[in-house]
Amino acid sequence: MFGYVVRRMMSAVLVILLASLAVFTIFFLGPASPAQPVCEAASRGNCTPERLEAIERSMGLDKPVLEAYGEYMKGIAVGREVVIGAAEYDCDAPCFGISYGTRVPVTDELKERIVPTLLIAIGGSLVFLTVGVGIGIAAAARRGTVGDRVMVSGSLLVSSVPYYLLCLLAWLYLTLKTNIFPTTGYFPLSDGDPFKTFSGLLLPCLVLGIASSPVYARYSRGQMVDTLGDDFIRTAKAKGLRNRTVLLKHGLRAAIVPIVTIFGLDFGTLLAGTIFTEKIFDVDGIGVWGLDAIRPPQDLPILTVTVLIGAVFIVVSNLIVDLVYGVLDPRVRMG
C-alpha cells in the first residue's frame with residue numbers, strides 16, 4: 001500500500017508541475033502583453049511602444065519563458081520581489097504575484113475567496129450525494145415499477161433545465177418573491193454569526209446539489225441494477241438477510257467505486273470555481289474572482305492563479321480518488 005501511495009503522489013506532483021508550466025506559458029506568450037494594462041493605467045490611456053517596452057523589461061517579461069517560470073515557482077516557494085511599472089512590492093511565500101488592480105498580493109485575496117467556494121462545494125456535494133445516490137438506490141430497488149419510472153423521469157426533468165436558469169429562478173422566486181430564503185451570499189465566519197453564514201449559503205448549496213443530483217441518481221441506479229443481479233446478492237437474499245441490509249451493505253459497497261470516480265472529478269471542478277452559483281447568489285468566490293479578472297484591463301496574476309488553483313484541485317481530487325480506490329478495491333493497489 002505504501003508503494004502505491006508513493007507512486008500516485010509522485011504522478012500528482014508531476015502533473016501539477018506540468019499544468020503550472022502550461023498555464024504560465026499560455027499567459028506569458030499570449031497575444032496581449034501582460035504589461036499592457038499596467039502601461040495603460042500608468043500613462044492614462046496613452047501607452048507608447050517605448051513605454052510598454054520599458055515596463056515589460058522592469059517586470060521581467062523580456063526574459064526567456066523558462067527563466068521567468070523558474071522565478072515564478074521560486075516565488076511560490078520562498079517569496080520574491082515583484083516590480084510593476086515603477087513600483088516594487090515585497091511578496092511573501094507563497095507568492096503568486098501582485099494584483100494589477102488592487103496592488104495587493106494575490107495570495108491574500110485568494111485566502112478570502114477560497115473559503116466561500118470551499119463551503120459551497122462541500123455543501124453542494126453533500127446534497128447531490130445524499131439526494132442523487134439515495135434516489136438511485138431507491139429506483140434500483142423498485143426496478144420496472146411506477147416508482148422507478150417517476151424517479152428516473154424526475155431526474156431527467158431536472159437535468160434538462162439549464163443550470164444558470166435554475167439558479168436564477170431559485171433566486172427570483174425563493175429570495176425576492178416569497179422571501180423563503182431572505183438573504184443569500186457569503187457572510188464571513190469572522191463576523192461572529194455562524195447562522196448568518198449558514199443561511200446565506202443554504203440556497204446556493206441546495207440549488208447546486210439538486211442540479212447535480214440527477215447524474216448521480218442515474219449512474220448509481222445503473223450500477224446498483226447491475227450489482228443486484230450478481231450471484232453474491234442472490235446468496236445474501238437466500239440467507240434471509242433483510243432487503244435494506246442487502247442493498248446498503250452488499251449492493252452499495254460493490255457499486256460505490258465508479259461513483260467515487262465521478263465524485264472526485266465533480267468535486268475538483270466545484271473547487272475550481274462555481275461561476276454561475278457565485279454570480280447569481282452574490283458570493284465572492286474563486287469563480288467570480290476569475291471572471292472579473294478577465295474584464296479589461298485583464299488582471300493577469302489573478303487569471304494565472306485561478307487557473308492554476310483549479311488544476312491543482314482537480315489533480316488532488318483525482319489523487320484522493322486513486323487512494324480511496326486502493327482502500328475499497330485491493331485489486332487496484334495490487335495492480
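The values are calculated or read from the model by the stated rules, or taken from the named source; none is laboratory data. Just so we're clear, the structure is a prediction, and the values are computed from it rather than from any experiment. Reconstructed Cβ throughout: ideal geometry from the backbone, glycine too, with neighbour counts over all protein chains shown. SASA here: full protein model, heavy atoms, side chains in, ligands and nucleic acids out. Shrake-Rupley method; radii C 1.70, N 1.55, O 1.52, S 1.80 Å.
Brief remarks follow.
- Among the residues of the range 95-128, those identified as free of Cβ contacts under 8 Å to residues at least 40 places away in the same chain and basic (Lys, Arg) are Arg103, Lys111.
- Listed by first and then second residue, the pairs with beta-carbon distance under 8 Å, at least 6 apart or on different chains, first residue in the range 36-49 and within 14 Å of Ala87 (Cα to Cα), second among the aromatic types (Phe, Trp, Tyr) and modelled with pLDDT of 75 or more, are Val38/Tyr100; Ala41/Tyr100.
- Yes/no for Val131 being out of contact with any Cys (no Cβ under 7 Å at 6 or more places or on another chain), touching a residue at least 40 places away in the same chain (Cβ under 8 Å) and either open to solvent by less than 50 Å² (accessible area, probe 1.4 Å) or not acidic (Asp, Glu) (or both): yes
- Within the range 162-192, considering residues that are in contact with a helix residue (DSSP H, G or I) (Cβ under 8 Å, 6 or more places away or on another chain) and β-branched (Val, Ile, Thr), the one most open to solvent (accessible area, probe 1.4 Å): Ile180
- From the list Val23, Val15, Val5, the one residue that fits, being farther than 26 Å from Leu61 by Cα and β-branched (Val, Ile, Thr), is Val5.
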